[in-house]
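Accompanying notes for the structure given below.
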């Protein structure tokens with residue numbers, strides 16, 4: 001039996017032109033293109049990014065991944081998605097899964113791929129790397145992410161205040177992913193450490209609605225989108241391009 005390959009394609013943080021040539025070719029050649037389903041009937045970000053690159057002959061497969069922390073619910077969703085993908089792979093059809101950012105960086109694709117291989121050990125999985133949001137955000141700011149011996153820490157959305165305090169004691173650059181839900185607590189910590197001037201937020205990096213906030217001393221409260229990240233450099237941010 002010929003088995004198709006599941007490709008994890010990194011499509012970048014938002015700008016459709018940030019997909020790699022390899023990812024673009026794979027995306028166009030795959031008979032089946034999968035992506036996380038959006039919420040409330042809307043297209044998800046990955047689907048929006050790749051929409052212009054698809055053709056009518058391709059099967060579009062929206063997979064449901066709930067935005068919850070309940071592992072029982074999540075595991076069931078991963079298994080359902082893996083079974084949906086396997087229906088095509090078992091027919092010898094390749095499936096390209098479009099993933100916002102990079103497939104190896106806090107990615108839904110990882111759970112899908114691992115679940116698929118656990119359920120179907122013969123499944124073939126290949127990944128195509130791409131641009132992740134911290135790189136896109138620093139590019140928007142006109143800054144390098146790190147220099148020389150600088151120590152970089154990336155904290156996902158569920159970091160605690162204690163974790164942030166600990167990291168700020170020794171890191172040179174800190175990236176806080178999806179900062180919207182904890183912004184006011186983070187702002188207070190940065191104020192205590194006199195780091196607000198050294199911090200910046202990029203919302204919707206590379207998308208038309210991108211917003212940049214620098215020198216956070218004047219922004220104790222912000223209503224931020226889900227796709228927002230905060231970068232703290234323990235040395236003053238330089239050469240920042242401000243966008244109002």
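Quick look at the values:
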{"item": "Candidates 178, 122, 162, filtered to the one that is exposed (fewer than 15 other Cβ atoms within 10 Å of the Cβ) and either under 30 Å from residue 54 (Cβ atoms) or in contact with a helix residue (DSSP H, G or I) (Cβ under 6 Å, 6 or more places away or on another chain) (or both)", "result": "122"}
{"item": "Only listed residue being modelled with pLDDT of 95 or more and closer than 14 Å to residue 109 by Cα, chosen from 36, 31, 66", "result": "36"}
{"item": "Any pair with Cβ under 6 angstrom, 6 or more apart, that starts in the range 133-146 at a residue that is in the same structural domain as residue 211 (by TED's automatic domain parsing) and at positive phi and ends at one that is at pLDDT below 95 and in a loop (DSSP other than H, G, I, E, B)", "result": "142/239; 142/241"}
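The values are calculated or read from the model by the stated rules, or taken from the named source; none is laboratory data. Fair warning: this is a prediction, and the values are worked out from it, not measured in the lab. Neighbour counts are summed over all protein chains in view; Cβ atoms, including those assigned to glycine, are modelled from backbone coordinates with ideal geometry.
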